[in-house]
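The values are calculated or read from the model by the stated rules, or taken from the named source; none is laboratory data. None of these values were measured; they are calculated from a predicted model. Neighbour counts are summed over all protein chains in view; Cβ atoms, including those assigned to glycine, are modelled from backbone coordinates with ideal geometry.
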Amino acid sequence: MTYLDWAATSVPNELIIKESLEKSLKIYGNPSSQHIFGTSAKDELNNSRIKCGESLNCSPDKLYFTSGATESNNIVLLSFVNKNTSGEIISTSIEHPSVLEPIKILVKFGWKNREINPTDTGEISLSKLEKMINEKTKVISIIYVHNETGVIQPINDIIKIVREKEVLLNKKIFIHIDGVQAIGKIDLDISKMDIDSLSISGHKFGAPKGVGLLYLKNEKDVIIKGGGQERGIRPGTENLFSIDALSNCLENCVNKISSNQEKLTILMDLIIEEVRKFDVSTIPKDRKLSDIRFVPNIVSLTAPPIPGEVLARVLNQKGYMISTGSACSSNKKSDTKGILSMGITKDEGFSSFRVSIGEKTTKEEIISFIQVLKETIAELKP
């Protein structure tokens, strides 16, 4: 079987996970306990937080361990439900469901969501964003790297525009970034990003599923209350095994960004160049080889009139695992919502499928996949 769905979840880092599991069997105390087993666990928890802070270049006391980016996104966005006043939130049409769904809850509480459609390249129009920000704007939530197309938003330019508008409007605007697909793919230095929060999921870079990080510049009043763990932002006994694994996997992937980028770019260029020879298009169509506007591990493809779901199912039967969009979406309609807003046709959206690769992907696997994809499309075309 050839795994080409790394954007849904990466192949686990077996060595790191096993080491973390063995450590957790020895250091099994509750970090909130006052005895020596508890304080040992607390020390390990603090060491993991420090290591994550070093990997992201931010103060460790601004980091909170969660169950993943879905929880991190909800913690941030739903904290605004606690406010007595409503306002406007600006997001994009290509946000992940874990951002779109809590925004729907804010709307039920009287908030207005102003959604920006990207250009046909998948990037946000900076001039459109600037015009959209007004005296009612309180929150802006942007996905750093789109999980279906791999397009990188110009985050630094976005932040600059927002902060300049703050001065003109004489008000504070909260900036939240969904950083899930960016970690380990592009350099991310939080100290250089004037943002208020950022979400991370461990399983996207080799850590176990069910653990993540939330960077939060300033503490907020959250909805879920409990025993006060994670300084009250994310109560509940900490998952020390997964947290240790996350901190080590994060360090590992950050240290290998340059070497992985080089390898992945070569493989992605091979995919894009070859599939275009048999009438498969990229989304967006103008994606170039070695295109710095995209992370090098994700590409969205389309081969109308073949339904993307049919193609994915047949390829799975042949031993090649791809997807038709976000693994967190429950149906095809929601899968294609984001890419349809980029100006492609409904037929192209209906036929879309995603190929995502990782550090263990080989050139031989890609060459074999391209040949099987070519044969499969020829079989399925009417």
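Does region 53-75 contain at least one residue that is acidic (Asp, Glu) and over 21 Å from the mean Cα position of the chain (by Cα)? So far as region 53-75 goes, yes, one or more of its residues are acidic (Asp, Glu) and over 21 Å from the mean Cα position of the chain (by Cα).
Scanning region 67-75 turns up no residue that is more than 15 Å from GLY212 (Cα to Cα), crowded, with 21+ Cβ neighbours inside 10 Å and either in contact with a Leu (Cβ under 8 Å, 6 or more places away or on another chain) or of a type in the set (Val, Ile, Thr) (or both).
Criterion first (out of contact with any Leu (no Cβ under 6 Å at 6 or more places or on another chain), modelled with pLDDT under 95 and either within 30 Å of PRO60 (Cβ to Cβ) or not assigned by TED's automatic domain parsing to the domain that holds SER24 (or both)) does ASP221 satisfy it? The answer is yes for ASP221.
Table: residues versus (1) at positive phi; (2) touching a helix residue (DSSP H, G or I) at 6+ places or on another chain (Cβ under 8 Å).
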residue	(1), (2)
LEU15	no, no
ILE36	no, no
SER40	no, no
LEU45	no, yes
PHE65	no, yes
GLY68	yes, yes
SER93	no, yes
LYS104	no, no
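For region 28-70, the set of residues classified as over 18 Å from ASN248 (Cα atoms) and β-branched (Val, Ile, Thr) consists of ILE36, THR39, THR70, listed by residue number. Of all residues in region 350-369, exactly one satisfies the criterion of being assigned to a helix (DSSP H, G or I), in contact (Cβ under 8 Å) with a residue 60 or more places away in the chain and acidic (Asp, Glu), namely GLU365.
When SER98, SER91 are screened for being in contact with an Asp or Glu (Cβ under 9 Å, 6 or more places away or on another chain), part of a helix (DSSP H, G or I), surrounded by 20 or more Cβ atoms within 10 Å (Cβ to Cβ) and not basic (Lys, Arg), only SER98 passes.
Residue-by-condition table, conditions (1) surrounded by fewer than 19 Cβ atoms within 10 Å (Cβ to Cβ); (2) touching a Lys or Arg at 6+ places or on another chain (Cβ under 9 Å); (3) under 19 Å from PRO296 (Cα atoms):
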residue	(1), (2), (3)
GLU166	yes, yes, no
LEU169	yes, no, no
GLY179	no, no, yes
LYS209	yes, no, no
CYS253	no, yes, yes
MET268	no, no, yes
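From the list ASP187, ASP157, the one residue that fits, being closer than 30 Å to SER247 by Cβ and among the acidic types (Asp, Glu), is ASP187. Note on region 115-172: residues that are among the aromatic types (Phe, Trp, Tyr) and either touching a His at 6+ places or on another chain (Cβ under 6 Å) or in the same structural domain as PHE294 (by TED's automatic domain parsing) (or both) amount to 0.
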